[in-house]
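Read the structure below first, then the notes.
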Amino acid sequence: MNETLPAPPPLDDLLAEGPIALFLDFDGTLVPIAPTPDGIAVPAGLHADLLQLAERLDGRLALVSGRALDDIETHLGALDLAAAGSHGIDRRHANGAQLGADAVDFPQEVEQALAAFVQESRFSLERKPHGAALHYRGHPDLADEGMALARDLAAQHELEVKRGKAVIELVQPGADKGGAVQAFMQVTPFAGAKPVFIGDDVTDEDGFAVVRETGGIAILVGDRSPSAAHFALANTEAVRAWLGL
């Protein structure tokens, strides 16, 4: 756990102060990080537990993930929760209705360039409807090579580059988790509540910044530094315990 950040107050204490809107990252927050995106182990009953928590919060719960929403569904089950995927650019209400404009599909020529690149390297490619990710877990020496390619492709195709834990992603402009939080906080049932964002990775800092600006609470998972978080929880087990899952 981050030794410089205290543990958050109990969830019951926050709820006693007034309504909160809870935003949760997925990998590294609700489920442990795995060597590959498909290798995650989802805790038994997590979907049902999240639905119960959402009901307790009167629907003010949303998943905000770098994964595509369809990908999350393959691991968690049908998403009947509010959620934002592909780093927050693909946003849906709990009933499945789109929140905001439809996200733009990822350029096919960029995906083809990345596919050709990974065939001749030790990277693995994660394809997404609105982005793509180069994974290099276990091979930290590949970071510079991957960043050079990603920046070149981003410049050619007006994309943005995001870094995470042993991952480099190309995304559409405006794809960030802070934007997703802002979008949800403008609509029912989230509007008017205090936002609480829990995440573990660098890309979650965008969400942390937004909740800080709006009087909310940011909770880091793990010991990454620096961070804009107010509080920290040690790992995914501590997150689920804090949430009462």
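Laboratory data are not the source of any read-out in this text; all were calculated from the coordinates shown. Keep in mind that this is a model prediction, so the values were computed, not measured. Glycine also receives a Cβ, built like all others from the backbone with ideal geometry; neighbour counts cover every protein chain displayed.
Here are a few things to note about the model shown:
- Directionally averaged shadow of segment 1-126, computed from the convex hull of its alpha-carbon atoms, nm²: 10.5
- Amide H contacts under 5 Å for residue 68, placed H, 5+ residues apart: 86
- The label-point distance for residue 78 and residue 105, in a model that sets each label 7 Å from Cα toward Cβ, rounds to 2.6 nm.
- Extended-chain gain in nm, criterion 0.36 nm per residue less alpha-carbon gap, residue 141 and residue 55: 26.4 nm
- For the chain, the C-alpha radius of gyration divided by 2.2 N^0.38 Å, with N the number of residues, is 0.98.
- Cα gyration tensor shape of segment 163-238, rounded if a/c is under 1.5, else prolate or oblate by comparing a/b with b/c: oblate
- Charged side chains reduced to their Cβ positions (Lys and Arg at +1, Asp and Glu at -1) give segment 61-111 a dipole of some 300 debye around its Cα centre.
- Kyte-Doolittle mean at least -1.0 and Cα axial length at least 20 Å: DSSP H helices in the chain: 143-157
- Taken about its Cα centre, segment 108-171 carries a charge dipole of roughly 320 debye when the Cβ of each Lys and Arg holds +1 and the Cβ of each Asp and Glu holds -1.
- Potential extension, residue 14-residue 119 segment - 0.36 nm per residue separation minus Cα distance: 32.9 nm
- Alpha carbon centroid spacing (whole Å) that separates segment 78-108 from segment 46-65: 16
- Per-residue Cβ neighbour rank within 10 angstrom, fewest leading, 208, 123: 123, 208
- If R0 is 22 Å, the Cβ-Cβ spacing of residue 165 and residue 234 corresponds to a FRET efficiency of close to 0.85.
- Here segment 2-25 and segment 110-179 have alpha carbon centers that stand 33 Å from each other.
- Cα pair count fraction exceeding 15 Å, expressed as % - segment 1-70: 66
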